[in-house]
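Report on the following structure.
The values are calculated or read from the model by the stated rules, or taken from the named source; none is laboratory data. Given the structure is predicted, the values throughout are model-derived calculations rather than measurements. Here the Cβ positions follow ideal geometry from the backbone for every residue, glycine too, while neighbour counts run over all protein chains shown. For the accessible areas, the whole protein counts, side chains as well, though only heavy atoms, and no ligand, DNA or RNA atoms are used. Shrake-Rupley method; radii C 1.70, N 1.55, O 1.52, S 1.80 Å.
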Amino acid sequence: MSDSIQERYLVGYALAAKKQHSFIQPSLIEHSKQRGIDLVKLDPTKSLVEQGKLDCIIHKLYDVDWKENLHKFREKCPGVPVIDSPEAIERLHNRVSMLEVITQLRFPVSDSERFGVPEQVVVMDSSVLSGGGALGELKFPVIAKPLDADGSAKSHKMFLIYDQEGMKILKAPIVLQEFVNHGGVIFKVYVVGDHVKCVKRRSLPDISEEKIGTSKGSLPFSQISNLTAQEDKNKEYGEDRSLETVEMPPSSFLTDLAKAMRESMGLNLFNFDVIRDARDANRYLIIDINYFPGYAKMPSYEPVLTEFFWDMVTKKKHV
Ligand SMILES: Nc1ncnc2c1ncn2[C@@H]1O[C@H](COP(=O)(O)OP(=O)(O)OP(=O)(O)O)[C@@H](O)[C@H]1O
Ligand SMILES: O=P(O)(O)O[C@H]1[C@H](OP(=O)(O)O)[C@@H](OP(=O)(O)O)[C@@H](O)[C@@H](O)[C@@H]1OP(=O)(O)O
Ligand SMILES: [Mg+2]
Ligand SMILES: [Mg+2]
């Protein structure tokens, strides 16, 4: 079919400049174009109905004006898929409601693999952090994570806390999460509609009982799974740990889990971080869920995203 008679579709995107730069790559534009899909940049400050005959909108912007703009568009054009609904995305902006998704899943557990989330407590009042009772049943070491996961640099600033002294650096509201040894590797599971792809990334190294006894205070870190191998080495989080020999979790387990999460959250575009308990190889813990992650880092990102856009613009089922 020649270009002139092939039906063309319009996918509008509204993304922060950094995200646009990493996600809207020439290779993706070209791939989609070949399939009859044109990616068009939206002006989030202007009415969406006046920005072309859109067949689908994708977005990762959180300000009130944008949500209002989207809301109006959805009212005027209820048949056009908006990927995803701001209300569904919101749940991932808080590290408690984010992991409640997992604890509420009614997912048939396989005979071998089990899943869950690490024990955690949320502290809303900074004065509680200086007293001895903030941890409740938890034991040191813990990871302290900002409660808000709103995409700001601050929301990624974490601390490994070894003792009560280390708690002094923290400010509420904060989540204190049990540190689980997991062999220094995390599995990032990327979800794009029906498509599920798992990749291995570096993580914090295991902490031995001996180290727990001798380490003091706190260790700050940020987005460790996004470090390159060289940065990782320079930061001395551990020696050059090869990922190649690490066995992946069974893919059917991850696919079933992703499907259950997708349906429960009503989201199409997200990834989740999974660690495997070093003391129990069949126990997997979900530690983080991110909306619209760095898909360009996923193998075959161009065909996978193009296929997803196709499904959306041709009105195949989406959650
Ligand atoms: N409970 C835990 N036990 C052991 N290590 C953990 C735990 N929670 C987090 N980590 C380590 O800390 C890293 C950062 O934690 P987390 O993924 O929650 O933060 P994030 O800033 O939201 O990450 P992302 O960049 O994926 O959004 C993880 O990738 C993992 O290496
Ligand atoms: O660019 P963005 O701001 O969307 O950053 C996201 C980042 O993607 P990027 O690598 O393309 O930056 C993601 O990396 P991967 O999980 O895919 O490794 C992950 O860190 C998300 O948590 C970030 O989203 P945020 O939590 O900050 O909203
Ligand atoms: Mg993470
Ligand atoms: Mg995250």
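Between residue 243 and residue 27, take the C-beta separation as r, use R0 = 22 Å, and let me know the FRET efficiency to the nearest 0.05.
On the way: r = 25 Å, r/R0 = 1.13.
E between residue 243 and residue 27, to the nearest 0.05, is 0.30.
At 0.36 nm per residue, and after removing the present C-alpha to C-alpha distance, how many nm does the segment from residue 128 to residue 209 gain when stretched out fully?
Values: separation 81, 0.36 × 81 = 29.16 nm, distance 2.71 nm.
That works out to 26.5 nm of additional length.
Given 81, 62, 120, which one lies farthest toward the positive end of the charge dipole of the stretch 1-132, if we put +1 on the Cβ of every Lys and Arg and -1 on the Cβ of every Asp and Glu?
81
Rounded to the nearest 500, what is the chain's calculated 222 nm mean residue ellipticity when only DSSP H runs of at least 4 contribute -39500 (n - 2.57) each, over all residues?
It lands at -7500 deg cm²/dmol.
Which distance in nm do the two modelled labels at residue 155 and residue 263 give, with both placed 7 Å along the Cα-to-Cβ direction?
Result: 2.8 nm between the two label points.
Over all directions, average the projected area of the Cα convex hull of the stretch 65-149 and note it in nm².
Taking the Cα atoms of the stretch 65-149, their convex hull projects to 9.4 nm² on average.
Nearest 20 debye, what's the magnitude of the dipole of the stretch 157-312 about its Cα centre given +1 on Lys and Arg Cβ and -1 on Asp and Glu Cβ? Kindly include the intermediate steps, with their values, before the conclusion.
Numbers: 19 positive and 23 negative charges, 72 e Å.
With only Lys, Arg, Asp and Glu charged at Cβ, the dipole is about 340 debye.
With only alpha-carbon atoms in the gyration tensor, what are the semi-axes of the equivalent ellipsoid for the stretch 1-77, in Å, largest first?
Those come to 24, 17, 7 Å.
Read phi for every residue in the stretch 197-213 and hand back ³J(HN,Hα) as whole Hz from Karplus 6.51 cos²θ - 1.76 cosθ + 1.60, θ = phi - 60°, with x for Gly and Pro.
Each residue of the stretch 197-213 in turn: 9, 9, 10, 9, 9, 6, 9, 5, x, 4, 10, 6, 4, 5, 5, 4, x Hz.
Rolling a 1.4 angstrom probe over the protein heavy atoms, how many square angstrom per residue are accessible across the stretch 164-207? Don't skip to the answer; put the middle values down first.
Values: 1560 Å² over 44 residues.
Accessible area per residue: 35 Å².
Report, to the nearest whole %, how much of the accessible area of the stretch 33-96 belongs to carbon and sulfur atoms, 1.4 Å probe, protein only.
In the stretch 33-96, the share of accessible area belonging to carbon and sulfur is 52 percent.
Hey, rough spin-label estimate for residue 164 and residue 104, points 7 angstrom out along Cα→Cβ, what's it come to in nanometres?
Here the answer is 3.7 nm between the modelled labels.
In square nanometres and to one decimal, what's the mean projected area of the convex hull around the Cα atoms of the chain?
Values: hull surface 74.3 nm².
Averaged projected hull area, Cα only: 18.6 nm².
Using +1 at the C-beta of Lys and Arg and -1 at the C-beta of Asp and Glu, which of 243, 300, 189 has the Cα lying farthest in the positive direction of the dipole of the chain?
The residue sitting most towards the positive pole is 300.
Residue separation times 0.36 nm, minus the C-alpha to C-alpha distance between residue 297 and residue 111: what's the value?
Extra length available between residue 297 and residue 111 comes to 63.7 nm.
Measure out, as a whole number of angstrom, how far apart the alpha-carbon centroids of the stretch 90-142 and the stretch 53-82 sit.
The two parts, judged by their Cα centres, are 32 Å apart.
Let me see the pair-distance distribution of the stretch 47-194: every alpha carbon pair, 5 Å bin width, integer percents in order.
The percentages, shortest bin first, are 2, 7, 13, 16, 15, 13, 11, 9, 7, 4, 2, 0.
So between residue 280 and residue 67, what do we pick up on full extension, going 0.36 nm a residue minus the alpha carbon distance?
Taking residue 280 through residue 67 to full extension adds about 72.4 nm, to one decimal.
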